[in-house]
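What follows is a set of notes on a single structure, which appears directly below.
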Amino acid sequence: MQTQNTISLESSRHPTSILTRQARVEGPFGMIGMPMRFARNSEIYGEDEASEYLYQVVSGAVRTYKILEDGRRQIGAFYLPGDIFGFEAGETHISSAEAVSETRVIVVKRAALMVRATHEKDLARQLWDATAQELRRFQEHLMLLICSAEDRVIGFLHDMAHRTVKNAAIELPMSRQDIADYLGLTIETVSRTFTQLEQNGVISLPTSRRVELRNRAMSNRIMAA
């Protein structure tokens, strides 16, 4: 589903994609953007589409990805509540974005936001911080892809722990296949690595999406990797 068409027509394939404008939202886009909802696995924008909008996640999660020449999917990033995405150096998106689960986002016209940021220092600072965060995550992801399979998984858990952890438990919104496509591994390798970490007492897996940190020394490794 293309965001441009959804906004211009005030409709989409999903009748719930436009939220009430009175919905309570938080963050730098909350007072100036349009709230929208996307169903699980639905497209927010596609590769090579015009990058007219920026987005902030309110709830749920978003993945950006490219389909490689050999047909494999490479996930570039995951965005969680509070994260801003859609930044591009050019006029078109270099990857596609999809909702990992049912997801609410705030959508803002990029050109209008840039104009407003020239007059509002706080908004300009928030956009700068979001851009710097995007660059940092890109660099960390690039370095992660040259590590061993175990270190890739531990690095991924480190990132998720810092972004989502509550009471030493990580709630993963994404599937094992998503994690594999993000880490450049097969789903079998990711599943085997999770099992090994569990057998070694590093983590426990009450469900496939809930990871609890158990071993203090190794948990500190994950939290401080």
(message) Ranking request for peptides 119-127, 45-53: highest mean number of other beta-carbon atoms within 10 Å first, then the rest in descending order.
(response) 45-53, 119-127
(request) Using 0.36 nm per residue of separation minus the Cα-Cα distance, give me the extension gain between Phe87 and Asp129 in nm, one decimal. (result) 13.9 nm
(request) Amide H neighbours of Ile44 under 5 Å, at least 5 residues apart or on other chains, H built in the peptide plane: list them. (result) Ala97, Glu98, Ala99
(request) Could you give the size of the charge dipole of segment 19-144 about its Cα centre, using +1 on the Cβ of each K and R and -1 on the Cβ of each D and E, expressed in debye and rounded to the nearest 20? (result) 460
(request) Could you calculate the contour length gain from Asp48 to Ala111, that is, 0.36 nm times the residue separation minus the distance between their Cα atoms, to one decimal place in nm? (result) 20.9 nm
(message) Let's see if you can work this out: charge +1 on each Lys and Arg Cβ, -1 on each Asp and Glu Cβ, no other charges. What is the dipole magnitude of segment 147-218 about its Cα centre, in debye to the nearest 20?
(response) 260
(message) I need the peptides 76-82, 130-136 ranked by packing, meaning the mean over residues of other C-beta atoms within 10 angstrom, with the highest value on top.
(response) 76-82, 130-136
(request) Quote the accessible area belonging to Phe138 in square angstrom, nearest 10, computed with a 1.4 Å probe and with ligands, DNA and RNA left uncounted. (result) 130
(message) If packing is taken as the average number of other Cβ atoms within 10 Å across a peptide's residues, how do 101-107, 187-193 rank, most packed first?
(response) 101-107, 187-193
(request) With 5 Å bins from zero, work out the P(r) of segment 19-144 over every alpha carbon pair and list the percent per bin. (result) 2, 11, 19, 24, 22, 13, 5, 2, 1, 0
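The values are calculated or read from the model by the stated rules, or taken from the named source; none is laboratory data. Since this is a predicted model, take the numbers as computed values, not measurements. A quick note on method: Cβ atoms are made from the backbone with ideal geometry, for glycine too, and the neighbour counts reach across all protein chains shown. SASA here: full protein model, heavy atoms, side chains in, ligands and nucleic acids out. Shrake-Rupley method; radii C 1.70, N 1.55, O 1.52, S 1.80 Å.
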